[in-house]
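Inspection log for the structure reproduced underneath, given as C-alpha cells.
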Amino acid sequence: MIPSEIQRYIEEIKKHALDYGLDFFEVVFEVVDFEEMNMLASYGGFPIRYPHWRFGMEYEKISKSYSYGLHKIYEMVINNDPAYAYLLKGNTDIDQKLVIAHVYGHVDFFKNNLWFSKTNRKMLDEMANHAVRVRRYIDRYGPEEVENFIDVCLSIEDLIDIHSPFIKRRHERKGLLEREDEGERKAISKLRSPNEYLDEYINPEDFIEWQKKKAEEERIRRKRFPEYPERDVLLFLIENAPVEEWQRDILSMIREESYYYAPQIQTKIMNEGWAAYWHSKILTEKVITDREIIDYADHHSGTLATRPGVINPYKLGMELFKDIEDRWNKGKFGREYEECNDIEEKRNWDRKLGLGREKIFEVRKFYNDVTFIDEFLTEDFCREHGLFTYTYNRATGMYEIESRDFKKVKEKLLFLLTNCGRPIIEVVDGNYMNRGELYLIHRHEGVDLKIDWAKDVLNNLSKIWKRPVYLETVVEGKVRVFSADAGAHRK
Amino acid sequence: MVLKIEQDWGRFREIVRGKIKENLRKYIVHSELIGKKGKDIVSIPVPQIEIPRFVHSPQKAGGVGQGKGEEGTPIAIGEGEGESKAGNQPGEHILEVELTLEEMAQILGEELELPNIEPKGKKNIKSFSGRYTDIHTAGPESLRHFKRTFKEALKRQIIMGAYDPENPVITPISEDKRYKAREPVEEPAYNAVVIYIMDVSGSMGSEQKEIVRIESFWIDTWLRYQYKDIETRYIVHDAVAHEVDRDTFFSVKESGGTIISSAYKLCRKVIIDRYPPQEWNIYVFHFSDGDNWSRDDTSECIEILEEFLLPSVNLFCYGQVESPYGSGQFYYDLEDNLGDKENLVLSKIPDKDAIYDSIKQFLGRGR
C-alpha cells in the first residue's frame, strides 16, 4: 500500500515526466522498510531468487554497511514491464520526490535504450521461475550438490558475448549434404572463358591455386570445433559439455540472468546520468518548494559527490548529458566549430540552434557507455572535470595519478568499459589435440589477467568440461598457456 | 512480502566461519584489522568470499579518476576499488564480520589445534548458576510448573476419589503446586593470572611492539576462553622494571639498556605478594629482542627461572622478536641452560607472519 501522500507525489511527478517527453513502462511503486530494501538489493532487485549464499553475502554487506551508517539505499528499480520500484519507508518527502523522478528517468531509459531492447521484460516472472527450478533440483539432488555446481557456474557467469543479441554470429545449420555440395562447388569454381586459349588468362594458375587453398582452409575450418571462435563460452558449454540435464538447465539460467544484467553494466554511466539529469530537471524546475531546496541540494550533491580515484557514474553521466545538451543548443559541434582556432570565439560560440533536448533523447536511445564516451567525451570536458588516469606504482605500493592527457584518459576509460571491463575470452577449440580437451584464448588487449584467479576459473571449467582445459594468454609480454590440472607451463 | 534471505544469509555466515578457519593466518598478521568494539564484540574484517573470474589484473589495469592532484600524486582508491569502477562489477570489498570473543577463541583453538588447559589448584565452590532443572513445593508463581502441578492435583483427586473420568475436571489446590527451581551446580573455580613482560629497551622498535601487541591479544583471547576470570598484569623493563597498566604497556616509549633480571625479580615479587602458586594458574609471557646487558645478568635470570619462576608457573613463554639491533643471544642462553624444562617455551617471532606459529608453540602444550 502506498501512502496517499506519496501517491500524490507519484502522480504529480509522472505528469511532469510525461510533459518533458519521457516515455516509460507503467511503474509499480512499493514502499518498503530498510530491511526489505536491503534484502531486495541483495537479490539484485528481485523479490524471489534461487537459494544461494552469495545473496546472503550481499545482504551481510549491505545490511552491515547500512547499520554502520555508511550508506543507504534510497531507491531501487528493476527493468521489467511493468517496472517495479521500491521506495524506502521513512525517507523525507523531498527524498521521495527526488527518488520518484529518478525512477522515471531509469524506466524511460530501460524502455527506450536500444541495448535493453532484447532484455526479457518479464524478468520478475523469469527469476521466480528460476527459483522454482533450482529448488526442485535441490529437493532432488541435495543442497550441497546444487550449490557446489552453482558456485562453479558463477565463476564463469560473465563469459557471455554481450553483443550477440544484436549480431548473427552463428551460421544456420544447413543439412550435411547441402554443405558438402557447396564445398564441392566452391572448390572447382572457374570463370567461364569464351575460348580455350584465353582460359589460362581468365583463370590463371595461381587463381586456381588460391581457390584450392581457400577450399582446403574451409574444409579444415569445418572440421574445427567450434567452427568460429566462440565468445559465448556459456552457450558453448550448454551445448557441448558432458553434464547432467539439471546442470545444463542451471547453466542456462545463469546465462540468461547474465544477459539480462549485461545492458545495465554496459550503460551504467548513461543510465545513472540520465536518471540524475531528470531528477534534477524535474525537481528544480517543477516540484520543489522553497523550504525544500536545502534538503534537495544536500541529497543531490551527495548523489553526485566524487572522490579522488573513483569515477561517479551519476556525476560523469549527468555532466556529459548536460554538456551535450549545451553543445547542441549552441551548435558547438561539426566541422566549422572543430576547425575554429580562436579560443575566445569557441567559448562564446552560440548558433542558437536549440537542438539540445532532441539530441540527448537521441543519445539515450542509440548509445551505450562505450560509444557515449567515445563520441561525446571532449578534451574541454575532461579538463574541466579534472579526469585523470591512475596506475599502480610497484615501488610505493600505491596507486598514483598517471596522466591528465585527454587521449590517455579516454583510452583508459574506453578500455575499462569495453566488454563491461571484462577480458575477452573465446573458445577456439573444443577438441584440442584431438583429445576432446578445451582450448580458450584470452584476446589480450594490453592488460594481463589476474593469473591466480584465472587458474581457479580454469579449474572450475574443467569440472564442467570434465577434460583438461587450456587458456592461452599473455603474461608480461610472453604468450603462455595455462591448463587446469597441470598448472602453468611455457609453451 | 516474504523474503528468503535469512536462509542464504545463514548459509553465507556458515561458510565464512569456515573461511576464517582456512585463512586465520592472514587475519592475525593483518593487525590493524583487529579492534575491540562494544563490550566483547570484536570486529574482524574478512574478505568477502571471492568468486574467481577472468578479470584484468587490477594493478596492471589502473583506472580513471576525478579530482585534483599533480601527476604522480598517490591516491587512495580503496581496497580493490581500482577495478573498473565505471562498470557495475562488485569490487573486492572488505567485509567486517562480527564474532564474539568466545567464537574467535573457538576458531583459534580449532585452527591451531590447541588442547584445552588442565588447570591446577582445584578449589570447588558451589555456585547457583545452575539451570532450572529441579522441582520445589514452594516458589514464585511465575515459576509454577503447570504440568507437574496438575499431575499432583490429579493424583490427589484420584486418591480422594474425586476424579470423574466422564467429566475430567482437575482443580489444583495450593498443596498441589510445584515450582521450577534451580539446582545448585558444583563448579570448579580456577584462578588464573597472566603476566606479560616486555622489553622496552632502545633496541625494541615500534614494529616489534606491534608484534607483541597482536600476540598478546590472541593469547588473552585464548586464556580468557579457557578460564572464566582471568587477571592480567603488565611489566615493562629496560634497565629497571616497572609494573604498568595495559595502556602504558603498549604505549610506553622505548629507551635505555636491557637488564632482564630486573623484570624477573619484579615478576617474582608480584607472584609472591599476590598470587600464591598453589592457588593460581600462572602464565608468564616475556617478549624481548634477546639482547641482554651482560652474561652475569643472564646467569641471574636463569637462576631465578630455575629456582622460583619455573616451579611456580604453569607456563613460562619467552618470545623473541627480531630487531635490527638485538643479538638474540638470550634465546640461546635459555635454550642451552633450561631447554629441558617442560613448562618453558621458547619461540622466535621474526615477523608478523610468525605470530601464528608462535601462538601455537606457546599454547600448544595444554598447560
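Since every read-out is calculated from the coordinates, none of them should be taken as a lab result. Quantities reported herein were computed from a predicted structural model and do not represent experimental measurements. Note that we place each Cβ from the backbone using ideal geometry, even for glycine, and neighbour counts take in every protein chain shown.
Cross-link reach is defined here as a Cα-Cα straight distance under 20 Å, omitting same-chain residues fewer than 8 places apart; for B:LYS180 the aspartates and glutamates meeting it are B:ASP134, B:GLU141, B:GLU152.
The mean count of C-beta atoms from other chains within 10 Å of the C-beta of residues in B:239-250, rounded to a whole number, is 0.
Averaging Cα coordinates gives a centre for the range A:191-257 and one for the range A:455-476; these two points are 24 Å apart.
GluC sites (Glu not before Pro) within the range A:406-491: which are DSSP loop residues with at most 11 other Cβ atoms inside 10 Å? Those that pass, being in a loop and sparsely packed, are A:GLU476. Given chain A, what percent of its DSSP beta bridges are antiparallel, to the nearest 5? Among the beta bridges of chain A, antiparallel pairing accounts for roughly 75 percent. Computed from the Kirkwood radius of its Cα pairs, the Stokes-Einstein diffusion coefficient for the range B:190-363 at 10 °C and 1.306 mPa s stands at 101 µm²/s. Debye-formula intensities of the range B:215-310, expressed as log10 I(q)/I(0) at q = 0.10, 0.19, 0.24 Å⁻¹, are -0.29, -1.04, -1.43 (one equal scatterer per alpha-carbon, no solvent). Peptide A:442-452 shows a mean partner chain C-beta count of 4 within 10 Å per residue C-beta. Computed from Cα atoms alone, the Kirkwood hydrodynamic radius reported for the range A:193-234 is 12.7 Å. Placing R0 at 56 angstrom, the Cβ-Cβ distance between A:GLU239 and B:PHE146 gives a FRET efficiency of 0.25 after rounding to 0.05. Computed over chain A, the P(r) tail beyond 46 angstrom holds 24 percent of alpha carbon pairs. Antiparallel beta bridges, as assigned by DSSP with both residues in the range B:190-363, represent about 10 percent of the total such bridges.
Across the cross-link table entries A:LYS168/A:LYS450; A:LYS268/A:LYS365; B:LYS147/B:LYS177; A:LYS268/A:LYS322; A:LYS14/A:LYS330; A:LYS315/A:LYS346, which are compared at the Cα atoms, the separations over 20 Å belong to A:LYS168/A:LYS450; A:LYS14/A:LYS330; A:LYS315/A:LYS346. Could you give the C-alpha radius of gyration of the range A:307-417 expressed as a fraction of 2.2 N^0.38 Å, taking N as the number of residues it contains? Scaled against compact globular proteins, the figure is 1.20. Over chain A, DSSP H runs of length four or greater, each weighted -39,500 (n - 2.57), average out per residue to a 222 nm ellipticity of -17000 deg cm²/dmol. From most to least packed by mean Cβ count within 10 Å, the peptides A:294-300, B:6-12, A:345-351, A:230-236 give A:230-236, B:6-12, A:294-300, A:345-351.
What the Cβ-Cβ distance of A:PHE25 and B:GLN106 gives, at R0 = 45 Å and to the nearest 0.05, is a FRET efficiency of 0.30. Rounded to the nearest 10 degrees, the angle from helix A:53-67 to the longest Cα principal axis of chain A is 30 degrees. Using only Cα atoms, locate the centre of the range A:297-348 and the centre of the range B:279-336, then give the distance between them in Å, rounded to an integer. For the range A:297-348 versus the range B:279-336, the Cα centre distance is 69 Å.
One chain, two ends: A:GLU11 and A:ASP206. Fully extended at 0.36 nm per residue, the span grows by 62.8 nm beyond their Cα-Cα distance.
Computed extension gain for B:GLU231 through B:ILE49, at 0.36 nm per residue and net of the alpha carbon distance, reaches 61.8 nm.
For the range A:395-491, the spherically averaged projection of the C-alpha convex hull amounts to 7.8 nm². Normalised by residue count, the range B:134-181 yields a Cα convex hull volume of 67 Å³ per residue.
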